[in-house]
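Take a look at the structure below.
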Amino acid sequence: MKIIRKIKNKQFILLGLFFVLFFLSYTKNAFLISDSDLFHGFERQPEGLVVGRLVRSAQDGLFSYGGLNGVNSADSVALSVEAHASDLARQHDLYINHADVPPYFRAYKSQSAGQALIMGALQNVLPFDNVHKLAFFRGINALLVALIFVLFGAWVYRNHGFLASLITLLLTFLSPWLNVFAHNLWWVLWNFYLPFLTMLFLLEYRNKSPEKVSKGKIIIAIFLAVFLKCFFSGFEFITTTLISAFVPVVYYGVKEKQSLRMFITDGVKYSLAMLAGVLAQMLILITQIRFLEGQFSDGVNHILTSFVRRSEVAPTDSQMSLFELIKAYLANDAFALGFLPNNIPAYFGVLIIIAILALILIYKKKKDLMKPLIITTSFSILAPLSWLVIFKQHSIEHMHMDYIIWYIPFLLYVFCTVGVAVSLLISKKRKTELE
């Protein structure tokens, strides 16, 4: 019992320490993980859509204009791209300074604005000014992102040990990309991991106590997790999110040595539940657009048009092949740390090479025991690649930010794999020294 208590205390200290580190980093950039200007200015324009909703909710009610995000403007339509960008930038000033609200509200119709609806309800009861309300909302986002990564670190600890968990959490903590996304009110980053963690923990629990977790409960849970993902952040990175939810299915399918028939049967059920979650949220979004514009067909047409726009490549971009696009996404720096003035770039492509070397080492040392991790890490790269392939246009237009897809959840498994490989090397060295 003393040994078990000691192990639990060690785990609690590790996870508690990193939870505090994550939270301080994601709220204040306390450790300069990312460039200070980038941290404070990253994606503030799309965040303006959420803040614009808060402004309109305070004036006209929570569900005005279908409850959708949008921009308060003096013009009913954007006169130019520059004018729209200027309007987005003004939303924070309108909210903070309680300025007169412009007459028009241009709704953003591609998501249900779940995050803004909840914040819009909270802003009426919070006992401080709007500057601190925004800080509070960002802090909640940062706290939830910190919790997400600590929960994954806890899973690594239980399944692969202290050192693997430490390295996973440390490498996650040192990621500037996660740092700049974590507090943003538009992206609500924690939400992208909700289906993944739901499946990870439910399947882990079922593996240990099969009689307590039925497949029916898992199906309901993954339906709700996907529905909430789409409710909070729409269909951004949707293929990446859905495939990430399937990653734990692969892990525990291999671990439990499921038959191919059972694996496919379960996979189809879970996939249908996820699809149902997406469709249910689409129905709500269509209903919101109907209240805004008058007909259900308006909502259907908008969703279809948005899908085509994000997946088709514009003629001006047609010269960029898929190979060139993936190459570009492998060539950026994954660790452009703000506290290093002249850091050596650590390209995403280099991380993949390191992952391959780590997997080879693990395969040679503990092939049978680590087979689930080997196969799952290899499979998880399909999650980010799916977005680059299916939504190529979005990936081309948003090359300043779409690198975040590498972390959902592929790089988390890469970090875990590196941790396991280091653990194996250290254990081998100790064994050699003892001999």
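The values are calculated or read from the model by the stated rules, or taken from the named source; none is laboratory data. Note that the coordinates shown come from a computational prediction; the quantities given were computed from them, not determined experimentally. Every residue, glycine as well, gets a Cβ built from its backbone with ideal geometry; the counts of neighbours run over all protein chains shown. When the accessible area is computed, the model is the full protein with side chains, heavy atoms only, and any ligands, DNA or RNA have been set aside. Shrake-Rupley method; radii C 1.70, N 1.55, O 1.52, S 1.80 Å.
Scan segment 44-54 for residues that are at pLDDT 95 or above and open to solvent by 10 Å² or more (accessible area, probe 1.4 Å) and jot them down.
Correct list: 49 only.
Is one or more of the residues making up segment 344-351 surrounded by fewer than 17 Cβ atoms within 10 Å (Cβ to Cβ), in a helix (DSSP H, G or I) and either touching a residue at least 60 places away in the same chain (Cβ under 8 Å) or at positive phi (or both)?
No, there is no match, as no residue in segment 344-351 is surrounded by fewer than 17 Cβ atoms within 10 Å (Cβ to Cβ), in a helix (DSSP H, G or I) and either touching a residue at least 60 places away in the same chain (Cβ under 8 Å) or at positive phi (or both).
Residue check: is residue 336 more than 13 Å from residue 406 (Cα to Cα), in a helix (DSSP H, G or I) and either open to solvent by 30 Å² or more (accessible area, probe 1.4 Å) or aliphatic (A, V, I, L, M) (or both)?
Against the criterion (more than 13 Å from residue 406 (Cα to Cα), in a helix (DSSP H, G or I) and either open to solvent by 30 Å² or more (accessible area, probe 1.4 Å) or aliphatic (A, V, I, L, M) (or both)), residue 336 does not qualify.
Name the one entry in 224, 292, 275, 279 that is of a type outside the set (Asp, Glu), surrounded by fewer than 22 Cβ atoms within 10 Å (Cβ to Cβ), in contact with a strand residue (DSSP E or B) (Cβ under 7 Å, 6 or more places away or on another chain) and in a helix (DSSP H, G or I).
292
What residue, of 170, 202, 197, is under 19 Å from residue 16 (Cβ atoms), among the aliphatic types (A, V, I, L, M) and open to solvent by 30 Å² or more (accessible area, probe 1.4 Å)?
Step by step, each of 170, 202, 197 is checked, and only 170 is under 19 Å from residue 16 (Cβ atoms), among the aliphatic types (A, V, I, L, M) and open to solvent by 30 Å² or more (accessible area, probe 1.4 Å).
Before we move on, is residue 158 open to solvent by 50 Å² or more (accessible area, probe 1.4 Å) and either closer than 18 Å to residue 186 by Cβ or part of a helix (DSSP H, G or I) (or both)?
Judged against the criteria, residue 158 is a match.
Conditions first: (1) among the hydrophobic types (A, V, I, L, M, F, W, C); (2) more than 29 Å from the chain's Cα centre (by Cα); (3) not in a helix (DSSP H, G or I). Residue 125 passes all but one, so which condition is the exception?
(2)
Taking the condition closer than 30 Å to residue 347 by Cα and either open to solvent by 40 Å² or more (accessible area, probe 1.4 Å) or modelled with pLDDT of 90 or more (or both), does residue 241 pass?
yes
Tally up the residues in segment 146-161 that are in contact with a helix residue (DSSP H, G or I) (Cβ under 7 Å, 6 or more places away or on another chain) and either under 19 Å from residue 426 (Cβ atoms) or modelled with pLDDT under 95 (or both), please.
Final tally of qualifying residues: 5.
Taking residue 16 as the residue in question, decide whether it is in contact with a Leu (Cβ under 8 Å, 6 or more places away or on another chain) and of a type outside the set (S, T, N, Q).
In short, no.
Being modelled with pLDDT under 95, at positive phi and either surrounded by 14 or more Cβ atoms within 10 Å (Cβ to Cβ) or among the small types (Gly, Ala, Ser) (or both) narrows it down to one of 66, 41, so name that one.
Unique residue meeting the criteria: 66.
Would you please name the residue that is nearest to residue 164 (Cα to Cα), looking only at residues in segment 359-380 that are hydroxyl-bearing (Ser, Thr, Tyr) and open to solvent by 30 Å² or more (accessible area, probe 1.4 Å)?
363
Among the listed residues 280, 221, 225, 276, which satisfies the condition of being closer than 22 Å to residue 412 by Cα, among the aliphatic types (A, V, I, L, M) and touching a helix residue (DSSP H, G or I) at 6+ places or on another chain (Cβ under 6 Å)?
225
For segment 120-155, how many residues meet the condition of being open to solvent by 60 Å² or more (accessible area, probe 1.4 Å) and among the charged types (D, E, K, R)?
1
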